[in-house]
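The values are calculated or read from the model by the stated rules, or taken from the named source; none is laboratory data. Predicted, not measured: the structure shown is a model, and the values here were computed from it. We place every Cβ from the backbone using ideal geometry, glycine too, and count neighbours over all the protein chains shown. The accessibility values were calculated without ligands, DNA or RNA, using every heavy atom of the protein model including side chains. Shrake-Rupley method; radii C 1.70, N 1.55, O 1.52, S 1.80 Å.
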Amino acid sequence: MEKKDLDWGNLGFAYMPTSYSYVCNYKDGAWEEGGLTADHTITLSECAGILHYCQEIFEGLKAYTTENGDIVCFRPDLNATRMADSAERLVMPPFPEDKFVEAVKMVVEANKEWVPPYGSGATLYVRPFMFASGEVIGVKPASEYQFRILVTPVGPYFKGGDTAITVTIADYDRAAPRGTGNIKAGLNYAMSLYPYEQAHKNGFAENIYLDSATHTYVEETGGANVLLVDKNGALVVPKSPTILPSITRRSLMVVAKDYLGMEVIERPVKFEEITNGDFVECGLCGTAAVISPVGHIKAEGVDVTFPDGAEHSGPVMAKLRQTLTDIQACKIEGPEGWVCKIC
Ligand code: PLP
Ligand code: COI
């Protein structure tokens, strides 16, 4: 099998159509069989629910080539479960979880020449998504849906590799208490675009959002969870019912504890603790970001430097990233079921 002739080492985080997508429709109360399509466009009624009331959810995972040439992905079963949770909250029919994993395998295998070679630093980003295709005009859930998976080869989400980024504190809120912050719905990202553009204009890579109710606790960024290392070397993970349960973060908590013997503390974290200088390292984690080191947080009246990771990943973030990526590349053995072989 010939790989596509791409400049794998210089890919950005951008979309390019590949050979196939996966598509499956929900109609008359049931999911159809589903299968591959070479058509990367979608034709919809002008009255489709997605266009009016924003019933849309998505997932993100990566497929990549291991050292021995296998194509694998990482914990797709957790994406399947999280997507079913997202569906429930937006009154959409959950896509069956085993069918989700089969669909991921099918579409990645069909696009195997687009899976970047081992060691290139690039991966095949897999984006399952589901939206209301049925017509609705009154505010109610649609009765027809489409589930799709597109795949596209990508490079790093944050430019500059291991260079620490500077983030700011958003002037806007991301997730209301008892809202939709804990699911992966497009609507959460639509409202983050304005503050994201503001942050960029002001020279920051991202926004950290504080809790909407009190603006005192650290939540997450628009597309990644936050990791902190305290002065005792413990991994501290902000806990909140309104952040997305990141699969990368949950995996890193296991890696930190079971592979690196670290203390892991998941608890509400006051922003004041960060400004007081209680943490020595900070990182953003997610499928797209993996772990991106945060060197500074700057906002009005706020100027924080993380002393052990001001320019590049600090020692703990670097070790966490290395161990996780080694597990993903099958260089070291991960917990049972983490690496899912596709072909
Ligand atoms: N938080 C948000 C808001 C995200 O969009 C993502 C990306 O998926 C994450 C966190 C990280 O989650 P995961 O590690 O499952 O990709
Ligand atoms: C991911 O990490 O997979 C995401 O979905 C984050 C971002 C690209 C929205």
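Quick notes on this structure:
- Taken together, the residues in region 133-188 that are under 27 Å from ALA110 (Cβ atoms) and away from ligand 1 (no atom under 16 Å from the Cβ) amount to 8.
- Filter result (part of a strand (DSSP E or B), open to solvent by 30 Å² or more (accessible area, probe 1.4 Å) and free of Cβ contacts under 8 Å to residues at least 60 places away in the same chain) within region 259-303: VAL264, ILE265, GLU266, ARG267, LYS270, ASP303
- Taken over region 142-186, residues that are aromatic (Phe, Trp, Tyr), outside any strand (DSSP E or B) and either more than 27 Å from LYS239 (Cα to Cα) or modelled with pLDDT of 95 or more (or both) amount to 1.
- Only residues that are out of contact with any helix residue (DSSP H, G or I) (no Cβ under 9 Å at 6 or more places or on another chain) and acidic (Asp, Glu) were counted in region 150-172, giving 0.
- Positions within region 23-67 being touching a Phe, Trp or Tyr at 6+ places or on another chain (Cβ under 8 Å), within 20 Å of THR287 (Cβ to Cβ) and not in a loop (DSSP other than H, G, I, E, B), in sequence order: GLU56, ILE57, PHE58, LEU61, LYS62, TYR64, THR65
- Within region 59-74, the only residue that satisfies the criterion of being under 20 Å from ALA185 (Cα atoms) and either more than 12 Å from ligand 1 (Cβ to nearest atom) or surrounded by fewer than 21 Cβ atoms within 10 Å (Cβ to Cβ) (or both) is GLY60.
- Flag if TYR189 is crowded, with 19+ Cβ neighbours inside 10 Å, of a type in the set (Ser, Thr, Tyr) and either under 18 Å from the mean Cα position of the chain (by Cα) or assigned to a strand (DSSP E or B) (or both): no
- Of all residues in region 233-241, one or more are away from ligand 1 (no atom under 15 Å from the Cβ), open to solvent by 10 Å² or more (accessible area, probe 1.4 Å) and part of a loop (DSSP other than H, G, I, E, B).
- Some residue of region 192-209 being more than 20 Å from PHE13 (Cβ to Cβ), assigned to a loop (DSSP other than H, G, I, E, B) and at pLDDT 95 or above: yes
- All positions within region 83-107 that are within 16 Å of ligand 2 (Cβ to nearest atom) and either assigned to a loop (DSSP other than H, G, I, E, B) or open to solvent by 20 Å² or more (accessible area, probe 1.4 Å) (or both): ASP85
- Being at pLDDT 95 or above, open to solvent by 80 Å² or more (accessible area, probe 1.4 Å) and in contact with a strand residue (DSSP E or B) (Cβ under 7 Å, 6 or more places away or on another chain) is a condition met by at least one residue of region 19-32.
- Those residues of region 41-82 which are among the β-branched types (Val, Ile, Thr) and away from ligand 2 (no atom under 16 Å from the Cβ), in sequence order: THR41, ILE42, THR43, ILE50, THR65, THR66, ILE71, VAL72
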